[in-house]
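No value in this document is a laboratory result; all are computed from the given coordinates. As the structure is a prediction and not an experimental result, all values here were calculated from the model. Virtual Cβ from ideal backbone geometry, glycine too; neighbours counted across all protein chains shown.
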Amino acid sequence: MNWALSIAREAIADVRLTEEAGRELAAGETRLAVRRFALTANNITYAAFGTVMRYWEFFPGQDDRGRLPVWGFAEVTETRCDALTVGERIYGYFPAGAELIVQPGNVESASFIDFTAHRAELPPAYNRYVRCAADPLWSPDREAAQMVLQPLFITSFLLATFLRDEQAFGAQSISLTSASSKTAIALAWLLKAHPVEGVSVRALTSKGNAQFVEGLELYDEIVTYDALDSLPQDERHVVVDFAGSSDINTAIHTRLVDQLMANIRVGGAHWEKSVPASHLPGPKPQFFFAPDHARARIKEWGQEAFDARYRAGWDGFADAGSRYFDYVEEAGGEAALDVYKRFVAGGVPARAALTIAV
């Protein structure tokens, strides 16, 4: 079955399994059979911001509903592009489903770009596909970590670099909302490995996740959401917001006001309450769009230096991930549908690192 998750673009809890009609390849195209992909809270952020951030535009559905972007591995099963070979393993950005047809261009030994017309104006970082046999970061036994953690680790890596360059905006502490999320954990790990001098890192989390967060041993302090009124008012703060909750943002801004140096919005784990409150006291939340920061860093450092710094960080965090997360793989479209619904309902434990075998 050529299945896919079909999601209402403006009501992301409205999801169903659908079958896509197949078609023959046009000249230059390649059929990729998706073999494995990860489902994380990061994918719910893709859905929640699908319209405003154009995530729905990557994989148009035949029913005019959204196709959830995911990161995973595929196999070339048919190709009319002479530069690719049937049987190759490919890593990249796919719809949550069974296949993707691409138009490979700029084909190199290690990668290619999907030149399908509708993707031309979309962020290029999502259009690059890695040929695993030539990828120094790929190994079969690390595929689960790569699917689950690598897409979010790049965001954390760029955030950590940004915060260090900005000297945390003169703050004395950096607070991470949704501190149990994998992107927040990666950022906390990076800041523990290479701190911003004189700046502590605080976890903001739910009561239910506080014990898990404490066990990570990555944060200097843990504050639960029901205790936000305990945040010190005689200290300068930066917030990195992975939760995206308007209620949490209102509480933080109201408590800290002028002592809040910056609020950097990254995710939408609390997607159902993510519309920003208007007229918040203190600084206006600023959205952190990783592809723009990646382009700026590559221009500043050069591609080779960027890759080397990123690879060093990734190797360390990928190894550490086995201590923090439990990798579990489920199989098939019905499993993908169930896992997605559990994420939307907030029913996935923080330790779970879930992948789908197609």
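Below, the figures for the structure above:
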quantity	calculated
Folded to 0 to 90 degrees: helix 333-344 orientation relative to the chain principal axis, Cα	20
Sequence ranges 327-336, 135-144, ranked by mean other-Cβ count within 10 angstrom, highest first	327-336, 135-144
Acute angle (nearest 10 degrees) that the helix 290-301 long axis makes with the longest principal axis of the chain, alpha-carbon atoms	90
Net charge of Cβ neighbours under 15 Å - reference Val358; Lys, Arg +1; Asp, Glu -1	-4
Ala21/Gln286 FRET efficiency (R0 25 Å; Cβ-Cβ; nearest 0.05)	0.05
Relative contact order, percent, the chain [alpha-carbon distance under 8 Å, six or more residues apart]	17
Estimated FRET transfer efficiency when R0 is 30 angstrom, pair Ala110-Glu329 (beta carbons, to 0.05)	0.70
Positive-pole candidate from Gly66, Ala48, Asn106, dipole of region 31-159, charges at beta carbon	Ala48
Crossing angle, helix 246-256 versus the chain [Cα axis fit, 0-90 degrees, rounded to tens]	30
Filtered GluC sites (Glu not before Pro), region 1-70: DSSP coil and at most 11 other beta carbons within 10 Å	Glu10, Glu24
Cα centroid of region 86-113 to Cα centroid of region 300-341, whole Å	18
Where GluC sites (Glu not before Pro) fall in DSSP loop in region 188-228, at most 16 other Cβ within 10 Å	Glu197, Glu217
Share, in percent, of DSSP beta bridges within the chain that are antiparallel, nearest 5	60
Region 160-239 - percent relative contact order, Cα under 8 Å, separation 6 or more	38
